[in-house]
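Asker: This is the structure I have questions about; it appears just below.
The values are calculated or read from the model by the stated rules, or taken from the named source; none is laboratory data. Not measured: the values here are computed from a predicted model. Every residue, glycine as well, gets a Cβ built from its backbone with ideal geometry; the counts of neighbours run over all protein chains shown.
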Amino acid sequence: MPRGRKQKHKVVSAPEGENVRPSAERYGVDMLAGAEEVYLDLFKKCREAGKNGDYTNSHCTTFRMIQQAVREFIPQNPHNRKFALSGDLSNIFRIKKGRHRICWIASSSQKRVCILYISESLRKEGDASDPYRIFTQMVMSGQFNEAFGKFGVRMPATRTNPPKKPH
């Protein structure tokens, strides 16, 4: 590009059927302690690599992917059904970033997102350390019920919160 000229940015519209929320309506982000612990651990590993001048280290790449998802992608459109889990967990959303999974709930009335879980294990369906299996067990045990209540999100039927029978 010739010197002194500003580069024009191409305007890209959202894919057909995508619901894109303007940045002025981005949701605020909260994080539960377990998710925050994983996030801070990734940050510390990235910072250590940065101190050694290795910004291309996999720890830095991973942290930047997770950070971008948490700060930008999720708050822009937290209710995108493309990222919704199914069945009992249908009010929970998830996204894959590298080897990690990020699971969250969102409140339209509060304009807030709550990151419930950031996985640390590899995805291998049926494996005891499968992140979805671990997350489902956490949800079904009632571990996140307080967050569901605080954000006004319908709780899945858990062992501690059985579904109500019709009269």
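Asker: Evaluate the following for Gly87: is it modelled with pLDDT of 90 or more and within 23 Å of Glu146 (Cβ to Cβ)?
Answerer: Values: modelled with pLDDT of 90 or more: no; within 23 Å of Glu146 (Cβ to Cβ): yes.
It is false that Gly87 is modelled with pLDDT of 90 or more and within 23 Å of Glu146 (Cβ to Cβ).
Asker: Further question: Quick one: is Ser141 closer than 23 Å to Pro75 by Cβ, hydroxyl-bearing (Ser, Thr, Tyr) and either buried (at least 23 other Cβ atoms within 10 Å of the Cβ) or modelled with pLDDT of 85 or more (or both)?
Answerer: Details: closer than 23 Å to Pro75 by Cβ: no; hydroxyl-bearing (Ser, Thr, Tyr): yes; either buried (at least 23 other Cβ atoms within 10 Å of the Cβ) or modelled with pLDDT of 85 or more (or both): yes.
No; evaluated as a whole, the condition is false for this residue.
Asker: Okay, moving on. Can you tell me which residues in the range 81-112 are surrounded by fewer than 18 Cβ atoms within 10 Å (Cβ to Cβ) and part of a loop (DSSP other than H, G, I, E, B)?
Answerer: Leu85, Ser86, Ser90, Asn91, Gly98, Arg99, Ser108, Ser109, Gln110, Lys111
Asker: List every residue pair whose Cβ atoms lie under 9 Å apart, where the two residues are 6 or more positions apart in sequence or sit on different chains, the first residue falls within the range 64-83 and is hydrophobic (A, V, I, L, M, F, W, C), and the second residue, located anywhere, is in a loop (DSSP other than H, G, I, E, B).
Answerer: Met65/Gly98; Ile66/Gly98; Ile74/Tyr27; Phe83/Asn77
Asker: All but one of (1) outside any helix (DSSP H, G or I); (2) under 15 Å from Asp30 (Cα atoms) hold for Glu146; which doesn't?
Answerer: The one condition Glu146 does not meet is (1).
Asker: Give the range 48-72 a look and list any residue that's within 24 Å of Phe135 (Cα to Cα) and surrounded by 17 or more Cβ atoms within 10 Å (Cβ to Cβ), or say none.
Answerer: If the condition is that a residue be within 24 Å of Phe135 (Cα to Cα) and surrounded by 17 or more Cβ atoms within 10 Å (Cβ to Cβ), then His59, Thr62, Phe63, Met65, Ile66, Ala69, Val70 are the ones that fit.
Asker: Answer yes if at least one residue in the range 113-131 is at pLDDT 85 or above, surrounded by fewer than 17 Cβ atoms within 10 Å (Cβ to Cβ), under 23 Å from Glu36 (Cβ atoms) and out of contact with any helix residue (DSSP H, G or I) (no Cβ under 7 Å at 6 or more places or on another chain), and no otherwise.
Answerer: No; the residues of the range 113-131 include none that is at pLDDT 85 or above, surrounded by fewer than 17 Cβ atoms within 10 Å (Cβ to Cβ), under 23 Å from Glu36 (Cβ atoms) and out of contact with any helix residue (DSSP H, G or I) (no Cβ under 7 Å at 6 or more places or on another chain).
Asker: Between a first residue in the range 38-56 that is under 13 Å from Ile66 (Cα atoms) and a second residue that is of a type in the set (Phe, Trp, Tyr) and in a loop (DSSP other than H, G, I, E, B), which pairs have beta carbons less than 7 Å apart while being 6 or more apart in sequence or on different chains?
Answerer: Note: no pairs meet the criteria.
Asker: Which members of the range 82-103 meet the condition of being of a type in the set (Lys, Arg) and more than 18 Å from Cys114 (Cβ to Cβ)? If you could, list the steps in order and put the result at the bottom.
Answerer: First, the residues of the range 82-103 that are of a type in the set (Lys, Arg): 82, 94, 96-97, 99, 101.
Within the range 82-103, Lys82, Lys96, Arg99 meet the criteria.
Asker: Would you mind finding the one in Arg94, Arg101, Arg81, Arg71 that is in contact with a Cys (Cβ under 6 Å, 6 or more places away or on another chain) and among the charged types (D, E, K, R)? Talk me through it step by step, then tell me what you get.
Answerer: Details: Arg101 fails: in contact with a Cys (Cβ under 6 Å, 6 or more places away or on another chain); Arg81 fails: in contact with a Cys (Cβ under 6 Å, 6 or more places away or on another chain); Arg71 fails: in contact with a Cys (Cβ under 6 Å, 6 or more places away or on another chain).
Step by step, each of Arg94, Arg101, Arg81, Arg71 is checked, and only Arg94 is in contact with a Cys (Cβ under 6 Å, 6 or more places away or on another chain) and among the charged types (D, E, K, R).
Asker: Working carefully through the options Thr56, Thr61, find the one that is of a type in the set (Val, Ile, Thr), part of a helix (DSSP H, G or I) and modelled with pLDDT of 80 or more. Spell out how you get there, then give the answer.
Answerer: Values: Thr56 fails: part of a helix (DSSP H, G or I).
Exactly one residue qualifies, and that residue is Thr61.
Asker: Based on this model, can you work out whether Asp41 counts as part of a loop (DSSP other than H, G, I, E, B) and surrounded by fewer than 19 Cβ atoms within 10 Å (Cβ to Cβ)? Write out each step before concluding.
Answerer: Values: part of a loop (DSSP other than H, G, I, E, B): no; surrounded by fewer than 19 Cβ atoms within 10 Å (Cβ to Cβ): yes.
It is false that Asp41 is part of a loop (DSSP other than H, G, I, E, B) and surrounded by fewer than 19 Cβ atoms within 10 Å (Cβ to Cβ).
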